[in-house]
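Notes follow once the structure below has been shown.
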Amino acid sequence: MGRVGGIVRNFLHKIKIVSIGSYLADLAVYAIFVFGYFFLVRHFLGDQVKQVFDANKKQYAILALALIVVQGVFLEMLTSAMMRVLRHKVR
Amino acid sequence: MDFLISGTHIHPLYLMGIGFVVGILGGFFGVGGSFLAGPALFAAGMPMNFVVGTDLTHIVGKSIVAAKRHRALGNVDIKLGMIMVAGTIAGVEVGAQFIEYLKRRADVDIVVAVGFIFVLLAISAFIGWESWQTLKMLSKRGTRKAIAAVAALNKNAPLPPRLPRYLKPNRGETDQVKEDTSVLAHIPKQIHRFRLPPMISLPVSGIEQISLWTILGVSFVGGVFSGFLGGGAGYVRMPALVYLLGVPTHVAVGTDLFEIVISASYGTLTHAVKGNVDIMVALVMHTGAAVGAQIGATLTQYFHGTRIRLAFVPLPLIGAGLVIYSLMTGHHFK
């Protein structure tokens, strides 16, 4: 238990987080962002993507690849921005 | 939530949870995590052909960012990666064609599931054995060093001065030395003796001469696993790069990720054209993975290579357990 506690403390120290509460609060904000994004995507994309899937598989394949690449880059930017904000707060 | 393309009903939090766990594993172990994500999707009631294609798609988004980071750290051997892409794409196509064949015979679920169980159990057993043997070897080396030190003291040698703190190696530096220790270090040397032309050199990976066919063979086998069982097949390719080709672990992780981006993108296209990808499921899973990957990457700094590999052992067993449970009971988690 002591070893696990040590690892957690080291981890938090490493990412320069003094308060666990602050970290959890920022994680909650991030989760709300992601949830909002998810419902937005679902609302606007769900049916259209299904229509493309039924109509033309080649177009669907290109669309699928483009969507996952764009989301990958977008979420990485969001996550990095969150980590920068956390570090800035601590400083 | 209903996913119209695959015709499944799965709770989005379940998918985000899988993505989160797999993201941590990807950041920590340097693998895509399909050994866990695949069975978890299958257990949620998704048909196996969709499991394979959707998992590959989700891995593309996750690997792009990780590969970019490793490239910045100089951990990507571009030459090795590009050669591997050729072998992997050929292998992915063979694996995907086999899935199509099984779909026509209508026994795709049982064959892929049994294949999954077999591969997961084999990997778990192999890595467990290798890590355990390496730890034993390291322990013996430590004992020998201690005996040698005692012998030196018995010859009335003066006591060595205590090193001041600033002269001692940092924890990270000693861990770096331990990282690539393996009882199987002799295998790559034997493989490098296979000299079928053309021979190439890989300076970034520290390999002077290796047959092009060796690299293509290893990547082809990884590609077949990727196309047939889904995911990037990092659970096969990573051990192959380290134990068979002799690539240093950190370069193997970076190169594997670089290679996965290209081969998984191709896998996504080929599976999507065949109607095996539910992009909405992949997008939801990836939202969880983005957070998990950050945490996993930071955690690696606190463990050295052998212990990371040993910690990896139970994970494929969990994946195998999920598939066995679904096959035996027919129950699906939702």
If you project the alpha carbons of the stretch B:241-293 onto the principal axes, what extent comes out on each, in Å, largest first? 38, 29, 14
Cα-Cα over 31 Å: which of B:Lys68/B:Lys140; B:Lys62/B:Lys103; B:Lys79/B:Lys136; A:Lys50/B:Lys79? B:Lys68/B:Lys140; B:Lys79/B:Lys136; A:Lys50/B:Lys79
Neighbour-count ranking for B:Arg104, A:Arg42 (other C-beta within 10 angstrom, fewest to most) reads B:Arg104, A:Arg42
Among B:Leu36, B:Leu135, what is the fewest-to-most ranking by other Cβ atoms within 10 Å? B:Leu135, B:Leu36
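Quick note: the coordinates plus some simple rules give every number you see, no bench work behind them. Everything numeric here is computed off the predicted structure, so don't read it as measured data. FYI the Cβ positions are ideal-geometry reconstructions off the backbone, even for glycines, and counts take in every protein chain you see.
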